[in-house]
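Contents: one structure, followed by commentary.
The values are calculated or read from the model by the stated rules, or taken from the named source; none is laboratory data. Small disclaimer: the values here were computed from a predicted structure and weren't measured. No Cβ is skipped: glycine too gets one built from the backbone with ideal geometry, and neighbour counts run over all protein chains shown. The area values use the complete protein model at the heavy-atom level, side chains included, leaving out ligands, DNA and RNA. Shrake-Rupley method; radii C 1.70, N 1.55, O 1.52, S 1.80 Å.
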Amino acid sequence: MLSIPGRAVRNCDGVSRRELMRIGSIGLMGLGLPEFLAQKASAANESAAAKKYAGARGFGQAKSVIMIFLQGGPSHIDIWDPKPDAASNIRGEFKPIPTKIKGTHISEHMPMMAQALDKATLIRSMSYTPNGLFNHTAAIYQMLTGYPPDKVSPSGQLEPPNGADFPNIGSHISKMKPMTEPVLPFVELPRPLQESGIIGKGGAAGFLGKAYDPYRMYQDPVRPIQLDDLSLRKDVPADRLKDRFALLKGINQSMPDLEKALDSYAIDEYYGKAYDLVLSGKARDAFDLTKEKDTMRERYGMHTFGQSTLMARRLIEAGTKFVQVNWPSVANGDPETTAWDTHAANFGPLKNLHCPKLDRSLSALLEDMDQRGMLKETMVVAIGEFGRSPKIGVSTSGNSNAPDGRDHWPYCYSAVVAGAGIARGVQYGESDATASSPKEKPVHPNDLLATIYYALGVDPDMEIRNHLNQPRELVKGKIVADLFG
Amino acid sequence: MKYLAVSSVLVAGLLAAEPRVTYLKDVAPILNKAGCTSGPCHGAAKGKNGFKLSLRGYDPQFDYEALLYDLSGRRFNRAEPGKSLMLAKPTQEIPHGGGLRFETSTTYYKTIFNWIAQGVPFGDPAKDKVATLAVEPTDIAMAKPGEKLALKVTATYPDGTTREVTREATIESNTPDVARVDAANATVAGERMGEATLLLRYEGKYATIPVAVLNPKPGFVWKPLAQHNYIDQLIDAKLQKMKVQPSGLVDDAAFLRRVSLDLTGQLPAPEEVRAFLVDVTPNKLKRSKMIDKLMAKPAFVDQWTMKWSDLLQSSRKFLGEKGTYGFREWIRESLAANKPYDAWVRELITSSGSSYESPEANYYRTTRDAKATMEKTTQVFMGTRMVCAQCHDHPFEKWTQNQYFEMSAFFSGVGVRPGYEVGEEIIYNQRADFEMKHPKDGRVMAPKYLVASAGAPPLPAYDFDARKRREAFANWLTSRENPMFAKSAANRVWSYFLGRGIIDPVDDIRASNPPVNAALLDALTKDFVAHNFDLRYLMRTIVNSRAYQASITTNEWNATDVTNFSHAMPRRLGAESLMDAVAQATGARPNFPEVPDDTAATQLPDPHVGKEGFLDLFGRPTRETACECERRTELSLPQALNLVNGATISDAVADPKGRVAKLVLSGRPDAAVVEELYLASLSRLPSKAEAESGLAYLAGGPRAGRAQDLLWALLNSKAFLYSW
């Protein structure tokens, strides 16, 4: 049985539903039936959303999103939300510096961001209370899908990704906004989300099906990238590929009954897209950082994270709708080398390794995009799965902590959002005297997701169906309209 | 005193003017109709704004208590009914997050008002709970789209009284494009030709109405085709009624390809195609003999071992490596010996012992919790999804939450403990403390069969032991009289060959998902049981039918039919078959880790082998659940990208030891090369035009490269990727 979500409407050409249902008719506008229906369904949803939020502040200004996901849980109090007047076992070793946001200070080790914050909103009241222990995987899943995990072991570990998972926000966007040009709709780089042995939970399309998984570019962009499936094979240069396609077309066309029976599956559409992707090279070029000047590359920082953010900008320019840049470290990796997960050695690594990277790359991204006018239609979000405990050296997640470490802390942490109408140069929400909990305007991670959907012109209250065809809300969160200027 | 008595008589007299109103009979339906108990509102898992009702009102006692006793009884006001929250909120006299549900002028308001004034009586379940629901009409056939019909729903109560409840009933169509329901007026309109089912619900009772909107085009003349067996008779009976003309038989080459893939998961070899095409035996007999030949091949056993291993979740994630191989071998041996289906299901359910020595006992290692075991057992062997009923009564089926736990109680005594060898586990029956308890109040749930099955063994006294529980369950499940066991199996096997179940999805059988052809399903089921649950017999019967052997070519009368088996539908090859087909066509088989060289993809032990590669991209089941839906056959951008430019096809066509290389080195003429490439990939000879264009292409460049291109194009064509 075929059931189309949303109210069926006549399309602009006045074609009736009856005609659409005639399987075997040549697809309208050259599209096959599922594509057309998917576009119609998303168009219907879009127009329903547009009606609901007509004229609302911040609705529908974004065409794309860069999600900078700082897996590991960066310490908010040492980076974004210093409390110099708190007790010594809370305030830590770093001093605050003023920023372009009036009355707001951040860590001395983020000087470039202090300048770049005039383009963004700093949220200081991110907050949620997880069910049970909250190690990284569960928190990451909550953050990126909007749903708490289904099966959690006593230590907070989850099952590996499977076909019943809720989809990552990028997968939803991938489905709701079908691409019209030869680029990849959703890209994840430069490495997967990971905690210990669980890789990619919360980063895949789950019950939407593999068609909406991100394109995974798991290579270090500091070095030249090799993309076999997007690059022409050595033994099959462009001309030979063209010949092959012409031959393929002829073979398909010599079986008109089969063509007719498969017309609604839009296979030619997908083959066309694959062909365009390989031949046009637009997608491949977006990944090619040698096309950028060295000065630009250095501005972003010649390390994995910096080059990844630069690549994200290029992908957005090429037309990708959702780019997820994962902090290039296993979430619970070694803090002294790559990870934000500073259960020990909180201060040294932050000062010498992680903060300088984040500072340079994120500020470069914001400035660069602003200069190019890209912040008008692209939303940039930088967030981790939680913050870190205000009290140094105590255990809050069942993990052990060194006397100079901070444990996981979801009750209050920070995020940076910019673009697509987000207010520039302001702080949103406030934490209490020790950055332990929001004093005002708490923002649940679901609220942030709802706001991102809203900015993309999608109604976060809309109903979706999972693999068992059960109705679910896209995300159970409230739109934070006050984030928009 | 007398004064008080007189005035209370007066008041009673006034009240007596209003009809007697109870919660059960009058108020609960209003709460359901007005949406108070719906999923997005107070029926949500945590309710809304501190007020929780049962989902769609399945538990009136609970709802009644919530209304009366929560918040110190502030929800209603006996002295001034109009001031009750129950009335003020839905009419928006007080701010209500759910908006306006009904106006103060409506009968809904008056009914609730009277109920409160009458002292909020609950009602008597023996008198006020609906006994049966009747709908009019019971069957709808519209001669053409555009017709409209009014519906009527009548409830009958245990005392025989009836009430028309059309307005309060929930009426939905499962295919609004065909039959659209106007809930406000309780009418149904035919939108386009096709079939739909209307689902009507009122106070825990269900009814369905089949709707057929016929083709308005004049001039339909039924042209009878040969019927191979009763399957065709029953399909034709429906088609004729629906004015749908079935398609004729598919040609020999396409038939051979289709049936080889369906029975053995493999393409026919070029020599086999040639032999079949020149064989002059009369068609029906020729095909029937080929079917027998295919079912005798080892690949037949491999294919079905793989499919059952999918459903039984044979994976090292649950069973460890040795356990996986053991379980798979047990499945294979059972299928190779053609053990009757009911026999091996019974063995699985009653299995105990070492996971190494009694490998069927691994059934209890893929799910270790009684509830999960019950869910997968009912999904695989009864085609029913019980999972929703764990937390609330099933919204679209008559299963209750109590039944969920009563069924789970059959498995609550299964124990698993470590064995003596590394990785070994022992499945045993626990002796004490294994009762299934209801989560709400901890009461012990005795095991009880989901549906009555004539001749089912009576259940002994409820504290019967764990082993006896599983035996009783197995006997009830596999009994010939169980209305769901044989039926769901026949339906599932049917779907493997026709691409779609008679009930679809095959593991979601419920009242609101009726079969498209009940007579056909019943006959198949009966035949299956009569032949001792012989799976091979069932398959043989299905593939010998004309319906299975129909062409994909449609005519003006069946072009829009996708559910009634009037023509074949193209189906994408499954991941394993696709990989094997590429290997066979190109003569280059990739080697998988941990298995011998030349192992086919259909022979792999579990999804761990070749993880994250081609097979997973093309939708190989992960065996994480027992759902048929794990296998995916979409063909969208990521798959197209892999086929067009990925290593799998491109490397295989260019393999120096592969078919193209051999052909080029053999020195045979171009025409022979084209012919063999077509036979190896599309399993048929090229047409004259195709041969000519193939020849022209080969002549247009260096022979080896051009031959590789030709094979590449053939492997990317729809005729290769799909079975038709």
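Selection of region B:666-693 for residues being facing chain A (nearest Cβ under 9 Å) and either farther than 21 Å from B:Glu272 by Cα or in a helix (DSSP H, G or I) (or both) yields B:Ala689, B:Glu690, B:Ser693.
Entry remark, region A:246-258: residues being within 7 Å of chain B (Cβ to nearest Cβ) and either closer than 16 Å to B:Thr633 by Cα or among the charged types (D, E, K, R) (or both) number 1 in total. For A:Leu448, the requirement of being in contact with a Ser or Thr (Cβ under 9 Å, 6 or more places away or on another chain), at negative phi, more than 14 Å from chain B (Cβ to nearest Cβ) and among the aliphatic types (A, V, I, L, M) is not met. Residue count for region A:113-132 under the criterion of being part of a loop (DSSP other than H, G, I, E, B) and either open to solvent by less than 20 Å² (accessible area, probe 1.4 Å) or of a type in the set (Ser, Thr, Tyr) (or both): the result is 3. When you check A:Pro182 against the structure, is it open to solvent by 20 Å² or more (accessible area, probe 1.4 Å), touching a Gly at 6+ places or on another chain (Cβ under 9 Å) and either of a type outside the set (Ser, Thr, Tyr) or touching a residue at least 24 places away in the same chain (Cβ under 8 Å) (or both), yes or no? So A:Pro182 fits the description; yes. Of the numbered criteria (1) open to solvent by 50 Å² or more (accessible area, probe 1.4 Å); (2) in a loop (DSSP other than H, G, I, E, B), the one B:Asp507 fails is (1). Pull up region A:195-210, narrow it to residues that are on the phi < 0 side of the Ramachandran plot and not in a loop (DSSP other than H, G, I, E, B), then point me to the one that is surrounded by the fewest Cβ atoms within 10 Å (Cβ to Cβ). Step by step, filter region A:195-210, then rank; the result is A:Ile199. Within region B:361-411, if we keep just the residues that are of a type in the set (S, T, N, Q) and surrounded by fewer than 19 Cβ atoms within 10 Å (Cβ to Cβ), the residue that is modelled with the lowest pLDDT turns out to be B:Gln390.
Within region B:290-340, the set of residues being part of a loop (DSSP other than H, G, I, E, B), touching a residue at least 12 places away in the same chain (Cβ under 8 Å) and over 18 Å from B:Arg620 (Cα atoms) comprises B:Lys297, B:Asn338, B:Pro340. Counting the residues of region B:458-482 that are farther than 19 Å from B:Leu348 by Cα and at pLDDT below 90 gives 7. Would you pick out the residues in region B:694-724 that are more than 7 Å from chain A (Cβ to nearest Cβ), under 41 Å from the mean Cα position of the chain (by Cα) and farther than 16 Å from A:Arg244 by Cβ? Residue satisfying the conditions is B:Ser723 alone. How many residues are open to solvent by 30 Å² or more (accessible area, probe 1.4 Å) and closer than 18 Å to B:Glu321 by Cα when one looks only at region B:589-606? Qualifying residue count for the region: 4.
Taken over region B:38-60, the residue count meeting the criterion of being open to solvent by 50 Å² or more (accessible area, probe 1.4 Å), free of Cβ contacts under 8 Å to residues at least 24 places away in the same chain and within 24 Å of B:Pro125 (Cβ to Cβ) is 1. Within region B:203-218, can one find any residue that is closer than 20 Å to B:Pro29 by Cα, under 28 Å from the mean Cα position of the chain (by Cα), among the basic types (Lys, Arg) and open to solvent by 20 Å² or more (accessible area, probe 1.4 Å)? The answer is yes, given that some residue of region B:203-218 is closer than 20 Å to B:Pro29 by Cα, under 28 Å from the mean Cα position of the chain (by Cα), among the basic types (Lys, Arg) and open to solvent by 20 Å² or more (accessible area, probe 1.4 Å). Residue count for region A:77-112, restricted to those that are open to solvent by less than 30 Å² (accessible area, probe 1.4 Å) and under 17 Å from A:Ile123 (Cα atoms): 12. Only one of the numbered conditions (1) modelled with pLDDT of 95 or more; (2) more than 27 Å from B:Arg659 (Cα to Cα); (3) surrounded by 22 or more Cβ atoms within 10 Å (Cβ to Cβ) is violated by B:Asp522, and that is (3). B:Arg668 meets all of the listed conditions (1) crowded, with 18+ Cβ neighbours inside 10 Å; (2) on the phi < 0 side of the Ramachandran plot but one, namely (1). Restricting attention to region B:671-691, the residues that are under 13 Å from B:Ala719 (Cβ atoms), open to solvent by less than 50 Å² (accessible area, probe 1.4 Å) and out of contact with any helix residue (DSSP H, G or I) (no Cβ under 6 Å at 6 or more places or on another chain) add up to 2. Scanning region A:325-366 for residues that are over 17 Å from A:Ile392 (Cβ atoms) and among the polar types (S, T, N, Q), we see that the one that is surrounded by the most Cβ atoms within 10 Å (Cβ to Cβ) is A:Ser361. B:Tyr108 fulfils the conditions (1) within 21 Å of B:Thr22 (Cβ to Cβ); (2) in a loop (DSSP other than H, G, I, E, B); (3) not charged (D, E, K, R) except for a single criterion, (2). Taking first residues from region B:404-425 that are polar (S, T, N, Q) and partners that are not in a loop (DSSP other than H, G, I, E, B), the Cβ contacts under 6 Å between residues at least 6 apart in sequence or on separate chains come to B:Ser408/B:Ala370; B:Ser408/B:Lys371; B:Ser408/B:Met374; B:Ser408/B:Met436; B:Ser412/B:Ala370; B:Ser412/B:Met436.
Would you please name the residue that is modelled with the lowest pLDDT, looking only at residues in region B:136-176 that are in a strand (DSSP E or B) and touching a Phe, Trp or Tyr at 6+ places or on another chain (Cβ under 9 Å)?
The selected residue is B:Thr170.
Quick one: in region A:230-245, of everything that is touching a residue at least 24 places away in the same chain (Cβ under 8 Å) and within 34 Å of the chain's Cα centre (by Cα), which residue is farthest from the other protein chains (Cβ to nearest Cβ)? So the residue we want is A:Ala238. Of all residue pairs spaced 6 or more apart or on separate chains, those with beta-carbon atoms under 8 Å, a first member in region A:246-258 that is under 16 Å from B:Leu711 (Cβ atoms) and a second member that is acidic (Asp, Glu) and at pLDDT below 95 are A:Asn252/A:Glu259; A:Asn252/A:Asp268.
The requirement of being open to solvent by 50 Å² or more (accessible area, probe 1.4 Å) and either free of Cβ contacts under 8 Å to residues at least 60 places away in the same chain or hydrophobic (A, V, I, L, M, F, W, C) (or both) is fulfilled nowhere in region A:437-454; no residue meets it. Within region B:344-362, being under 20 Å from B:Asp465 (Cα atoms) and in a helix (DSSP H, G or I) holds for B:Arg346, B:Glu347, B:Leu348, B:Ile349, B:Ala361.
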